[in-house]
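A.B. asks: Dumping the structure here so I can ask a few things about it.
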Amino acid sequence: MIGRVDGTRISITGLGSYAPERVLTNHELAQMVDTSHEWIVERTGIRERRIARPDEAMTDLALPAARQALEQAQVDPASVDLVIVATVTPDTMFPTTSALLADALGASDAAAYDLLAGCTGFMYAVAQAYGMLAGGLSRRALVVGGDVLSKIINWRDRRTCVLFGDGAGAVVLDRVDGGGFVGFELGADGAGGIHLSLPGGGSRTPTTAETIEQEKHFVQMNGPEVFRFATRVLVSSAEKLLAECGRSIDEVDVYVPHQANVRIIDHAARKLGVPEEKVVINVDRYGNTSSGSIPLALADAAADGRLRPGALVLMTGMGAGLTWGSSLIEWTDGVAA
Ligand code: UT7
């Protein structure tokens, strides 16, 4: 799916993020599995990640991020009529995290649903919220991207446990007078889905004592295959979107790629021709937070003063499905129309 925005201008008018307090370093991981700080840094760029407490679930990460985004947008939570939470680690499959979040916020008139698109979830959710606002169905949307992957990782599997972390980000979407979203490109390749999966617990393989013994309730990943996919789609998705929107890569001021591995990010930036100073990187501090990755990186860019009004921001995500998605936005000053 690809589309260039025309007509109604819609933008991000508030941004928030939250990561659990507990920092897990590579050195600690080296005590848990056969790995080393040096290997992890060299192969991934990750130095540490945040890990949720046993009693912390997705809603507990989403709530502070959402409150911060709503405060920044200076809007009453009750005025939000659409809540989408992109996550593969909801508190429970149902009730949904979005419904629990809307209730906790006091957004009692909101439609609320969770969205599953792996690490690309935030890009899909933002595109959907854009469509709901542009189509006149929603007046104000809250989109959260986040995951608590630590709860579905096999902490004895060094091929996966060193990569992931927990975190969430939230944005408020509103109509604006100018600027805002320019276009979206989204896609999926189910044939490659096998390379990154959570095989147990669904209707194909319901949880039994046997599936637990076979560790099917943990993330399974073919790292090199996902690496190849990632390097390909981060480039192709961005290039297709820029062409559709009639923009060149030189016009992009801030590049926010999915934070999975610094080698993937460097490859994509080099191929696209984005200079280092325009690339946002925080995978060293958070690891791969799945749906939380892009909004957490946006929050970091905002804190660094890089998201000034008028800046053209390119975001690209990729992940389980396999899926990918890009968005271009002209950053606005946060004031709704
Ligand atoms: O959001 C999307 C989610 N996933 C991703 O984006 C992941 C994409 N893939 C990657 O980032 C990389 O493939 C990894 C970081 C997962 C792995 O790096 P790699 O350079 O592709 O390594 P590899 O899987 O080809 O493994 C190379 C070696 C193997 O040893 P042998 O067979 O050559 O003896 C692995 O067993 O490295 C070994 N290895 C490790 N060694 C120390 C794998 N994981 C580790 C580890 N520590 N944590």
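A.B. asks: I want to verify the translational diffusion coefficient of the chain in µm²/s; compute it with Stokes-Einstein, Rh as the Kirkwood radius over Cα pairs, at 20 °C and 1.002 mPa s. Please report the intermediate quantities before stating the final value.
C.D. replies: On the way: Rh = 19.7 Å.
Value of D from the Cα-based Kirkwood radius: 109 µm²/s.
A.B. asks: Further question: What 222 nm value per residue comes from the helices of the chain, counting each DSSP H run with n ≥ 4 as -39,500 (n - 2.57) and dividing by all residues, nearest 500 deg cm²/dmol?
C.D. replies: Mean residue ellipticity, 222 nm, calculated: -9500 deg cm²/dmol.
A.B. asks: For Y130, what accessible surface area do you get with a 1.4 Å probe? Give it in Å², rounded to 10.
C.D. replies: 30 Å²
A.B. asks: Take the alpha carbon gyration tensor of segment 82-228, find the square roots of its eigenvalues, order them as a ≥ b ≥ c, and report rounded if a/c is under 1.5; if not, report prolate when a/b exceeds b/c, else oblate.
C.D. replies: prolate
A.B. asks: Can you give the % of DSSP beta bridges in the chain that are antiparallel, to the nearest 5?
C.D. replies: On the way: 40 of 56 bridges.
Counting DSSP beta bridges with both partners in the chain, the antiparallel share is about 70 percent.
A.B. asks: So what does E213 come to for accessible area, using a 1.4 Å probe and Å² rounded to 10?
C.D. replies: Solvent-accessible area, nearest 10 Å²: 150 Å².
A.B. asks: In Å², and per residue, what accessible area does segment 84-199 have when probed at 1.4 Å with the other protein chains present?
C.D. replies: Details: 4180 Å² over 116 residues.
Computed with neighbouring chains in place, this is 36 Å² per residue.
A.B. asks: To test your reading of the geometry: what angle, between 0 and 90 degrees and rounded to tens, separates the Cα axis of helix 262-272 from the longest principal axis of the chain?
C.D. replies: So the helix axis and the longest Cα principal axis differ by about 40 degrees.
A.B. asks: Could you report the accessible area of D177 in Å², rounded to 10, computed with a 1.4 Å probe on the protein chains as they sit in the structure?
C.D. replies: Estimated to the nearest 10 Å², D177 gives 140 Å².
A.B. asks: With a cut-off of 8 Å between alpha carbons and a minimum separation of six or more residues, what is the relative contact order of segment 241-337 in percent?
C.D. replies: Details: 133 pairs, mean separation 30.6, N = 97.
Worked out over segment 241-337, it gives 32 percent.
A.B. asks: Heavy atoms only, 1.4 Å probe, whole protein assembly: order H27, H258 by accessible area, highest first. Before the final figure, lay out the partial values.
C.D. replies: On the way: H27 110, H258 5 Å².
Largest accessible area first, the residues go H27, H258.
A.B. asks: So what's the angle, to the nearest 10 degrees on a 0 to 90 scale, between helix 58-73 and the longest Cα principal axis of the chain?
C.D. replies: The angle comes out at about 20 degrees.
A.B. asks: Note down, for segment 105-161, the three equivalent ellipsoid semi-axes (square root of 5 times each alpha carbon gyration tensor eigenvalue), biggest first, whole angstrom.
C.D. replies: Details: eigenvalues 195, 36, 8 Å².
Its equivalent ellipsoid spans semi-axes of 31, 13, 7 Å.
A.B. asks: Using modelled backbone amide H atoms (1.01 Å from N, in-plane), which distant-in-sequence or interchain residues come within less than 5 Å of R9's amide H?
C.D. replies: Here the answer is V176, since their amide H atoms fall under 5 Å of that of R9.
A.B. asks: Given R₀ = 22 Å, FRET efficiency for A243-D6 by Cβ-Cβ distance, to 0.05? Working shown, then result.
C.D. replies: Values: r = 16 Å, r/R0 = 0.73.
FRET efficiency, A243 to D6: 0.85.
A.B. asks: How high is the relative contact order of the chain? Use alpha-carbon pairs under 8 Å, at least six apart in sequence, and give a whole percent.
C.D. replies: On the way: 844 pairs, mean separation 89.3, N = 337.
This gives 26 percent for the chain.
A.B. asks: What is the Rg over Rh value, at two decimals, for segment 1-111, using alpha-carbon atoms and the Kirkwood definition of Rh? Could you put the intermediate results ahead of the total?
C.D. replies: On the way: Rg = 18.5 Å, Rh = 16.9 Å.
Answer for segment 1-111: 1.10.
A.B. asks: Against the longest alpha carbon principal axis of the chain, how many degrees, from 0 to 90 and to the nearest 10, is the axis of helix 223-244 turned?
C.D. replies: The angle comes out near 10 degrees.
The values are calculated or read from the model by the stated rules, or taken from the named source; none is laboratory data. The structure displayed is predicted, hence computed values, not measured ones. Neighbour counts run over all protein chains shown; Cβ positions are idealised from the backbone, glycine included. Just the protein is used for accessible areas: all its heavy atoms, side chains included, with ligands, DNA and RNA removed. Shrake-Rupley method; radii C 1.70, N 1.55, O 1.52, S 1.80 Å.
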